[in-house]
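Every number in this text was worked out from the coordinates using simple rules, so none of it is lab data. Being a predicted model, the structure only gives us computed values, none of them experimental. Every residue, glycine as well, gets a Cβ built from its backbone with ideal geometry; the counts of neighbours run over all protein chains shown.
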Amino acid sequence: MQTLTKDEFILQKEVFLNAIEEGDVFIHPTDTIYGIGCDATSLNAVKRVREIKKRYTRPFSVIAPSKKWIYDNCEVANTKRAWVERLPGPYTLILRLKNKGCIAPETNNGLDTIGVRIPDHWFTKIVEELGSPVVTTSANLVGEDYMTSLEDLNPDIKDKMDFIVFEGEKSGRPSKIVDLLDETETIQER
């Protein structure tokens, strides 16, 4: 396992994009907090994230590679398009999937919904270049505080990562969840 700065990651970007495609599990920065990530289309990688986090039932959210990906794979009512157009930003939009094959079923545990993000952060460009959604779930065990620096990363999680991209301490909060499944939007802080 190696810990990389943004610059180190960018210099070796192709190597790491290939590693993600091959199933690596990693910690990545966002515009809010650090997340555990993997290719959301890789069954084995998603299963690894579930084992690492000890989170077996709740669905994971994904960083979408683009707004087009969201429109192509999710049902977005005309009245809800404004939320997608707000992206990038600190929101996780809960939408109904219209293409269940766009992610490994373990990503959302076979539900017909998915949480999608496009962070306002340089790492979003990496996901866009990858061309596949990336699981994004807070870098902590269930019930523990989320990671804001390397010092508060649980050693059990750290030991199971293939790599970590660290850009310093984060002072943000997890993204706001915006439930767009019903006629009215429901926004919740985490």
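Some values worked out for this structure:
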{"quantity": "Dipole in debye (nearest 20) - the stretch 1-93, about Cα centre, beta carbon charges: Lys, Arg +1; Asp, Glu -1", "calculated": "540"}
{"quantity": "Difference of contour (0.36 nm per residue) and Cα-Cα distance, Lys54 to Ser171", "calculated": "39.6 nm"}
{"quantity": "Residues with amide H under 5 Å from that of Thr113, placed H, sequence gap 5 or more", "calculated": "Leu97"}
{"quantity": "Lys125 versus Val15: modelled label distance in nm, points set 7 Å from Cα along the beta carbon direction", "calculated": "2.0"}
{"quantity": "Candidate lysines for bridging to Lys160, where Cα separation is under 17 Å - those fewer than 8 sequence places away on the same chain excluded", "calculated": "Lys47, Lys53, Lys54"}
{"quantity": "Estimated inter-spin distance, Asn99 and Glu75, nm [label 7 Å along Cα→Cβ]", "calculated": "1.7"}
{"quantity": "Cα-based shape type of the stretch 33-166, given that a ≥ b ≥ c are square roots of the gyration tensor eigenvalues and the cut on a/c is 1.5", "calculated": "prolate"}
{"quantity": "Which of Gly101, Leu150, Gly172, positive extreme of dipole for the stretch 2-188 (C-beta unit charges)", "calculated": "Gly101"}
{"quantity": "Listed residue pairs exceeding 24 Å between alpha carbons, taken from Lys68/Lys176; Lys6/Lys158; Lys13/Lys100; Lys100/Lys158", "calculated": "Lys13/Lys100; Lys100/Lys158"}
{"quantity": "Neighbour-count order for Cys38, Cys102, fewest beta carbons within 10 angstrom listed first", "calculated": "Cys102, Cys38"}
{"quantity": "Unit charges on C-beta of K, R, D, E only; dipole of the stretch 96-148, Debye", "calculated": "300"}
{"quantity": "Footprinting exposure proxy for Trp83, Trp69, Trp122 (fewest neighbouring C-beta atoms within 10 Å first)", "calculated": "Trp122, Trp83, Trp69"}
{"quantity": "³J(HN,Hα), Karplus 6.51/-1.76/1.60, whole Hz, each residue of the stretch 140-147, x for Gly, Pro", "calculated": "7, 7, 3, x, 8, 5, 6, 6"}
{"quantity": "Ranked Val178, Val116, Val142, criterion: other C-beta atoms within 10 Å, fewest first", "calculated": "Val142, Val178, Val116"}
{"quantity": "Given charges at beta-carbon only (K, R positive; D, E negative), |dipole| of the stretch 45-168 in Debye", "calculated": "620"}
{"quantity": "Helix axis angle, 43-53 relative to the chain longest principal axis, alpha carbon, degrees", "calculated": "70"}
